[in-house]
Structure formats: structure tokens, C-alpha cells
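A.B. asks: Structure incoming, see below.
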Amino acid sequence: MRHALCSFLPCVFMGVVAAVEGVASASEAHAVSGPRETSTLASSLRRARQARDAGRWVEAAAAYELSLKAADAAWTTDAERAEIAAELGLCELALGRYRDAAEHLAQSLRHRDALRSGLAERAEEGLKKAERRVVTFYLGVNPPDAEVLVDGKTLGRPAPTYELFLEPGHHTVRARLDGHAEALGAFEGQAGKDSSLTLKLRRAPERGAPQAAGGGPARAADPAARPAARSAARSAVPVTELRIGGAALATAALGAGAVLLLRADVLDGNLAERDVVRRRRGWTSTTCWWPNAPSACTEIRKEVAERDLFATLGNVALATGAVFGVATAASFLAEGWLLGDTPAREVVQVVPSAAGTQAGLVLQGVW
């Protein structure tokens, strides 16, 4: 018994020592991780400031970007991260990277009170310069937990509203969420101007009933399922968009036809007035067919050909506009016949608008 006790005590002692060493090594490793990240941040900040003071903007921007990543991983304050973002944005502004500069300067100014007064003023001035070269885009999303992609790139963490800085040009926006239909949007951004868009995702319609045992589609036993099926069939075809497009084309074609016919009428009136004057001078209907016809006949033939051309184009435009108009009007009846339902009560008016040297169409109504 004494021999067993003597053997047991060394084992207990070794176990206690091992446990103490394990705790010490674990706490020591945790203690090392903090200073190491802090050292990386300090080193990159030192290189960034040296490069900035020397005017090496590329090197300074890269070092500040590394510092910002290290600051996110280390235990830093909002003031420290805001200062790094401001310095990074100013370096990017010097390099002409206006979109990145606007993004980082706006990020720093969200904590403006934490910035030094001189740096805050330079950040505000730099943001104004950057915004003149980019598009400031405000996006709203409902539901707010939807995933948003701009030009195919996801924005990361979902939010109800976004403030984005984009390059001028055409951009597409898409929002998606399980159980909802995707929402799409597009806009043409101009430098120095704001754009805004709101995407609302509608709940996706429920799937149809399962197929029957014989392989054919099963009939819905509940009559209440029919309106849902009709709504799904209607949503599969962009009826509203087609109607708006048809109305716009019809209006444009009719307007163009009216202008062309008016021009032809003016030319015809001019020809008639000149013909009266020439007949008083002794001209006849066959004068221009003489071998030695006057030189004015060449100009007359050109005006006649121009009048006929405008008249032909005007009639073609009117006929085209009538076709689009009839097709658009018929779509309201066709929808009811095809879907077995009454046409949707969507009233859209397409009104021509002109001001100064600009002309266009104004869509009014609800769709």
C-alpha cells in the first residue's frame, strides 16, 4: 500500500505541472497574437506615412490599404480606422482612383467627430472632388435581408439601404432572396450626379399541384387555385412592359408620320405657288419636257421628288403607328381570352412632350 502511494504521488505531481504549463503556454500564445498584429499595423503605417511624405502615392496607397486590413483584425478604435481610411482615400484621389477614393473618404467621414480637424477638412474636400467624377448611387431594398448584386458583384452584408460610388455608365442591379422572385433594375449613371433606385421583391407564387399517377398534369380540385395559376401565367409574360413599349412606338410613329406629311404638304404648297407664277410667264405642263427645257426644271424635279419621298415616308409611319396602336389595344382583350380572366385595369397614357430643342414621351398612369 505504501509502495502504491509512493508511485501515485509522482504521477499527480507531473499532471499538475503539465496542466500549469499548458495554461501558461496558451495564455502566452494569446498574449503574443495581440502585439504581433499591433506590430504589423504600426510597421505598415510607418511605411505608408513615409511613402506619402515622399509623394510615392502607389506605395502609400498599398501600405494604407494593408494598414486598414490590419486595423480591422486588431483591437483598434473607430478613430484609428477612420484616420487610416481618410489617408487611404486621399492617396487614391491623387492616383485618380476616384471611385475607391470616394468610398474610403465617405467611410472615414462617418466618424468625422473622431478625426483631427485638419484631416477631416481634407477628407471632406477630397470627397467633393471624387464625387464629381463618379456616380453616387442610393439603393433601397425590401425585404432588407435580400442579397444584392451590382453589375454581378455582391455587396456583402445585407442592409435596407446602400450608398455606393460607381463609375459613370450603364449599371444593373439584382436582388434575390429565397421564397421571393428576383428584382431587377438598371440605370445610366452620369458623373457628378446622384441616382437612386428601390427594389422590392415579391413573394414567389406557390408551385403547382403534383402530377397525376398517369404522368399527366393533375387538375386542381380547389377552384380557388385558378386565380393563382392565371396570375402566374400573366407574370411569366411581361405584358405591362410590352404595352408600354407598344404605346410608345405607336406614338412615336404617328408623330413622325405627321411631321413628314406636314413637310410634304409645305413642299407641295411651294410648288403650287411657283407653278402659278410660271404659268403667268407662259409655262405649260409640258415645258420641262422640251429638249431645250429651262434650267429651273432641274430644281423643280428635285422638289417634286422630295415632296413624294416625304409623303411616302409619312404614310408608312402612320400605318406603322396604327399597327402598333391596334396591337396594344388588342392586348387587353387578348389577355382576357387567353387567361380566361378579365383584362387588368392598367391605365397608361403616353403623352408626347417637347421643350426647347428636346422632345420625348411622358408615361402617366399606374402599372
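Rule-based calculations on the coordinates, nothing more; no lab input. All figures in this text were calculated on a predicted structure; none of them were measured in a lab. In this analysis, Cβ positions are derived from the backbone assuming ideal geometry, glycine residues included, and neighbour counts consider all displayed protein chains.
A.B. asks: Counting only other residues whose beta carbon sits under 12 Å from that of VAL148, what net charge do I get with K and R as +1, D and E as -1? Working shown, then result.
C.D. replies: Numbers: positive: LYS153, ARG157, ARG174, ARG176; negative: ASP145, GLU147, ASP151, GLU182.
With Lys, Arg at +1 and Asp, Glu at -1, the neighbours total 0.
A.B. asks: How large is the convex hull of the C-alpha atoms of segment 35-132 per residue, in Å³? Don't skip to the end; give the middle numbers.
C.D. replies: Numbers: hull volume 7.9 nm³, N = 98.
Dividing the Cα hull volume of segment 35-132 by its residues yields 80 Å³.
A.B. asks: Can I ask one more? Under the 0.36 nm per residue contour assumption, what length would be gained going from the current alpha-carbon distance of ASP265 and GLU188 to full extension?
C.D. replies: Values: separation 77, 0.36 × 77 = 27.72 nm, distance 3.97 nm.
The span from ASP265 to GLU188 would gain 23.8 nm if fully extended.
A.B. asks: Something else: Amide H to amide H under 5 Å from PHE187: which residues, 5+ apart in sequence or cross-chain, H placed 1.01 Å off N in plane?
C.D. replies: Under 5 Å from the amide H of PHE187: HIS171.
A.B. asks: Taking a threshold of 26 Å on the Cα-Cα distance, which of the pairs LYS128/LYS200; LYS69/LYS153; LYS69/LYS193 fall above it? Intermediate results must be reported in sequence, preceding the final value.
C.D. replies: Numbers: LYS128/LYS200 31 Å; LYS69/LYS153 20 Å; LYS69/LYS193 31 Å.
Those over the limit are LYS128/LYS200; LYS69/LYS193.
A.B. asks: Quick one: net charge of ARG281's neighbours, Cβ under 12 Å, K/R +1, D/E -1? Show your work: numbers first, answer last.
C.D. replies: Details: positive: ARG274, ARG278, ARG279, ARG280; negative: ASP275.
Result for the neighbourhood of ARG281: +3.
A.B. asks: Also: Along the Cα→Cβ direction, 7 angstrom out, place labels at ARG132 and ALA293. What is the inter-label distance in nm?
C.D. replies: Once both label points are built, they end up 6.2 nm from each other.
A.B. asks: Mind sorting ILE84, ILE244 by how few other Cβ atoms lie within 10 Å of their own Cβ, fewest first? Present the calculation step by step, with values, prior to reporting the outcome.
C.D. replies: Details: ILE84 27, ILE244 19.
Fewest-to-most Cβ neighbours within 10 Å comes out as ILE244, ILE84.
A.B. asks: Continuing with this model, one more query. Only Cα pairs under 8 Å and at least 6 apart count here; give the relative contact order of segment 35-132 as a rounded whole percent. Write out the running numbers ahead of the final one.
C.D. replies: Values: 124 pairs, mean separation 22.6, N = 98.
About 23 percent, as a whole number.
A.B. asks: Peptides 118-128, 175-185: what's the order by average Cβ count within 10 Å, highest mean first?
C.D. replies: So the order, starting with the most tightly packed, is 118-128, 175-185.
A.B. asks: Can I ask one more? Per residue, how big is the convex hull of segment 134-204 when only Cα atoms are used? Give it in Å³. Let's see the in-between values first.
C.D. replies: Working: hull volume 4.8 nm³, N = 71.
Normalising the Cα hull of segment 134-204 by residue number yields 68 Å³.
A.B. asks: Report, for segment 134-204, the % of DSSP beta bridges that are antiparallel, rounded to 5.
C.D. replies: 75
A.B. asks: Based on the Cβ-Cβ distance from SER117 to ALA94, what FRET efficiency comes out when R0 is 30 Å, to the nearest 0.05?
C.D. replies: So the FRET efficiency works out to roughly 0.90.
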